[in-house]
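To start, the structure under review is shown below, and the notes come after it.
What follows is calculated from the coordinates using simple rules that are stated; it is not laboratory data. Everything numeric here is computed off the predicted structure, so don't read it as measured data. No Cβ is skipped: glycine too gets one built from the backbone with ideal geometry, and neighbour counts run over all protein chains shown.
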Amino acid sequence: MPAPLTGALVLSGLTAVAVSWLFIAWPRRITAEEWIVHRRSFERAHDATTQSVGLSIARTARVPGIWLLPDADLALLGLSSFGAPATRADALRRLAVLGGGAAAGVIIVASILGIATGATWLAVASPLLALLAALVALTGQWLRWRFEVASVRTAIRKDLPRLLTGARVLLDSGTANAEQALAAAVGTYADPAAELLREALRLKEVRRVEFEAAVDEVADRYAVGEFHRLADSLRVGHRYGTGMSVLLVDFAQRARSSWHASYRERITRAPVLMTVPALMFFVLPLLVLVMFLVFSPLMGTLSRL
């Protein structure tokens, strides 16, 4: 490739990157809806971070974030898939085997290709390629686990109102009390929310504790805030004599409203989040092409001077 053409291509790429960066970094006035969404997200993230940091320091006396996966995430992984790791040691062992296998495979393939084709640089660079492959494999596995945990928490938040509505229908029929109605409802469905309620009912029967305490223990183990709120609602209902049917209906309605609000928030946030991918995969290549058409004749003219 001639030097003027190379210079025009490099200059057009740098110009496109600079224009894209200015578009992202340039401050703009946000709409009222975006301001509400950002403020709500910030408050929720701040509250969750403060509570998780305080609880983890008080319970374990260690700085949070040093472990690969918290115990609650490991427990939720056990609900989502049969072959999920049960402990942190098991998770680290799987990551080590995955990373080592990926690195060894890349080294063997790169060495064979380098010897067969005579490209010695490929054999020399095989350790670096192996390290890159191991990092990609480890990151992919970790992201897969995080996505599974997030999907299970989302399913619990979405399915819990349905379970409570079913229990309320059985309770209004007069054929069962509150706990019997919940047991019958969770026996009908097969989802993570039903599994957590079944575990709470088992804890109540085995340890002879109050149902609210069992729900709180399950919420602590799996780090599910909806179960903490359910236990608090049950305590308030028992203390002030609120009817269980009214309590379940009210909690289910509030849970559905919260789910719909978060869903609308994700919809509102989606256009903002899609700005960077759109710039990377559409606007930036288009800018490179336009700048190349502008700088190519200019560089050719300058080279003749």
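The HN-Hα couplings worked out from phi for the range 105-120 by the Karplus form 6.51 cos²θ - 1.76 cosθ + 1.60 (θ = phi - 60°) are x, 5, 4, 5, 5, 5, 5, 5, 5, x, 6, 5, 9, x, 8, 5 Hz, whole numbers, x standing for Gly and Pro.
Here VAL19 and LEU113 are evaluated by their C-beta separation; at R0 = 41 Å the FRET efficiency comes out at 0.55. Centroid-to-centroid, using Cα positions, the range 106-170 and the range 273-287 are 25 Å apart. With only Cα atoms counted, the range 122-173 has Rg and Dmax values of 22.6, 75 Å. Here the range 107-206 is treated as an ellipsoid with the same Cα gyration tensor; its semi-axes, largest first and in whole Å, are 57, 11, 9. Residues of the range 223-237 with an amide N closer than 17 Å to a point placed 7 Å from the Cα of ARG202 along the Cα-to-Cβ direction: 223.
Full extension of the chain between ALA190 and ALA125 yields a length gain of 18.3 nm, computed as 0.36 nm times the residue separation minus the alpha carbon distance. The length gained on full extension between TYR263 and GLU179, counted as 0.36 nm times the residue separation minus their Cα-Cα distance, comes to 27.2 nm.
Per-residue 3J(HN,Hα) values for the range 223-236, derived from phi via the Karplus relation 6.51 cos²θ - 1.76 cosθ + 1.60 with θ = phi - 60°, read 6, 10, x, 4, 6, 4, 5, 5, 5, 5, 5, 5, 5, 5 Hz in sequence order (x marks Gly and Pro). With semi-axes defined as the square roots of five times the eigenvalues of the C-alpha gyration tensor, the equivalent ellipsoid of the range 159-267 measures 21, 17, 14 Å, largest first. Between the beta carbons of ARG239 and ARG146, assuming R0 = 51 Å, the FRET efficiency works out to 0.85 to the nearest 0.05.
Couplings 3J(HN,Hα) of the range 132-137, computed from phi: 5, 5, 5, 5, 5, 5 Hz, in residue order, whole Hz [Karplus 6.51 cos²θ - 1.76 cosθ + 1.60, θ = phi - 60°; x for Gly and Pro].
Here each label is just a point 7 Å from Cα along the line to Cβ, and for VAL97 and VAL209 those points are 3.4 nm apart.
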